[in-house]
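Computed from the coordinates by the stated procedures, all read-outs in this text should not be read as laboratory data. Remember, it's a predicted structure, so these values are computed and weren't measured experimentally. Cβ atoms come from the backbone with ideal geometry, glycine included; neighbour counts cover every protein chain shown.
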Amino acid sequence: MDDSEDRQDSDDSAADIRVEPATSERWVDVLRLAGERGFTSGCWCMWWRVTNQQFTDQPAEDRRTALEALVQDGAQPGLVAYVGDEPVGWVAVAPRGE
């Protein structure tokens, strides 16, 4: 197999991925991706949104609630990647001011 065949395979699978903003309608998918631990460390992607002291003092469940509140209030604090209807990836993104 030459490099062009490798790229072709890669391009085909990338075409199946769709990326959508994390909205209230997709909250269940965010939860599914976060798992029980809240994205491995329990951060719930709130590290950049609060001070170090707030983060340290806040239990993981409160960070989850804070992320959910952002989503339910109409903010789109991240993106969810899908293959078909299956959520397969998450990334937190926001304007610097947030």
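What to note about this one:
- Global form of segment 39-87, assessed from the alpha-carbon gyration tensor, a/c cut-off 1.5: prolate
- Helix-only arithmetic for the chain: the sum of -39500 (n - 2.57) across DSSP H runs with n ≥ 4, divided by the residue total, places the mean residue ellipticity at 222 nm at -12000 deg cm²/dmol.
- Inter-site label distance for ALA94 and ARG32 at 7 Å from Cα along Cβ, in nm: 2.5
- For ALA69, net neighbour charge (Lys/Arg +1, Asp/Glu -1) across residues whose Cβ lies under 14 Å away: -2
- Labels on offer are [x] 14.2; [y] 14.8; [z] 13.1, and the one holding Kirkwood radius over Cα pairs in Å computed from this structure is [y].
- Relative packing of 49-60, 74-85, which averages over residues the other C-beta atoms within 10 Å, highest first: 74-85, 49-60
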